[in-house]
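So the structure is just underneath, and the comments pick up after that.
The values are calculated or read from the model by the stated rules, or taken from the named source; none is laboratory data. Remember, it's a predicted structure, so these values are computed and weren't measured experimentally. Virtual Cβ from ideal backbone geometry, glycine too; neighbours counted across all protein chains shown. Just so you know, the surface numbers come from the protein's heavy atoms only, side chains and all, with ligands and any DNA or RNA stripped out. Shrake-Rupley method; radii C 1.70, N 1.55, O 1.52, S 1.80 Å.
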Amino acid sequence: GCGRGSSSQGTAMLTFGSGSMSDFLLNWVEHVRRLGDAAGPYLVGALDGPVADLCKDRSIASAVAPPADGGGGGGGGGVGEHTAQLRETSGYYRYRPGTFLAMGLVKQLFIRAVLREGYDVMVSDVDVAWLRPPWPLVRYSSVRSAPAENGAVEQE
């Protein structure tokens, strides 16, 4: 589950980390924890074993990305292959194009699984240092229809 109690928006702060970015990850978690209850729950998507172990050792709310069911709802097609690619790669993913693209798919499936658990998510890069809760900057509006295939949303 997510760390801390529920935020008033029902939104979880979410980031992803791999072993090569563990210093950034620890900094992200420290800054979110400093915000206290104003930040709401948080979750780390562990992209590899070293980060999963780090999160467990430091009592950081985390889950291995992607979830065991590949993100739920079927249609995962090839997720296992992408996950294996991440697990077999060490170092910084950014400069390994195939691995970096696989990481994007894994993140998308992980985010979808968190959304299906009933949370909205505030996804941020692991190198962000939150100094204040982001919620005053986020404005929700009523949505009349589901997002279109291109991601556009019709609003009232």
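As a rough guide to protection, the peptides 14-20, 130-136, 117-123, 42-48 ranked by mean Cβ packing within 10 Å, highest first, stand as 42-48, 14-20, 117-123, 130-136. Measuring r between the beta carbons of ARG116 and ARG58 and using R0 = 22 Å, the FRET efficiency lands at 0.25. In this structure, HIS31 and LEU101 have a Cβ-Cβ separation that, at R0 = 22 Å, corresponds to a calculated FRET efficiency of about 0.15. Computed with a 1.4 Å probe on the full set of protein chains, the accessible area for ILE111 sits at about 40 Å².
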